[in-house]
Amino acid sequence: MSSTGNKGSDAEQRAAIFLQQQKLTLLERNYRCRFGEIDLIMREGDTVVFIEVKMRSSDRFGGAVASITAAKRLKLTRAARHYLAEHEGDLPCRFDAILISGEWKNEIEWIRNAFDEMLMTGYQSPSFSSN
């Protein structure tokens, strides 16, 4: 496994532990289907929570949240629909993000309803032009 893969796995493990400490129950890790991959699938009460885990060493290019693009959100949504159809049926769901950052990777930010939050705050991925 690559160094990047190890870092991603470590970040997902830290996120899972953090969320379990917040009383969420782990259902799946690295769920894969033809539509994409979901890092963590957890349950909070009756709600299925699909979680994207991002780790960044700096905010140089917008930090961890900047890497959750519209295309990534679409893949996550499709994969989540597939998971619900196969496993959980008609339960409510939401999409959260865990952002791990800091010099020692010790800062964990939990964004509930991350897609809604990104839309409501007007967050946009940075755009770069060649001008």
Query raised in the report: Can you tell me how many residues in the stretch 85-95 are within 15 Å of residue 44 (Cα to Cα) and either assigned to a helix (DSSP H, G or I) or among the aromatic types (Phe, Trp, Tyr) (or both)?
Result: 2
**Report entry** Criterion violated by residue 118 - all others in (1) out of contact with any strand residue (DSSP E or B) (no Cβ under 6 Å at 6 or more places or on another chain); (2) surrounded by fewer than 17 Cβ atoms within 10 Å (Cβ to Cβ); (3) at pLDDT below 65 satisfied
**Finding:** (2)
Report summary line: When the stretch 33-44 is checked residue by residue, the ones that are more than 12 Å from residue 81 (Cα to Cα) and over 13 Å from the mean Cα position of the chain (by Cα) are 43, 44
Query raised in the report: For the stretch 5-31, which residues satisfy the criterion of being exposed (fewer than 12 other Cβ atoms within 10 Å of the Cβ) and within 14 Å of the chain's Cα centre (by Cα)?
Result: none
Query raised in the report: Inside the stretch 68-84, can you point out the residues that are polar (S, T, N, Q) and closer than 21 Å to residue 46 by Cβ?
Result: 77
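The values are calculated or read from the model by the stated rules, or taken from the named source; none is laboratory data. Worth saying up front: this structure is predicted, and the values here are computed from it rather than measured. Please note: Cβ atoms are built from the backbone with ideal geometry, for glycine as well, and neighbour counts cover all protein chains shown.
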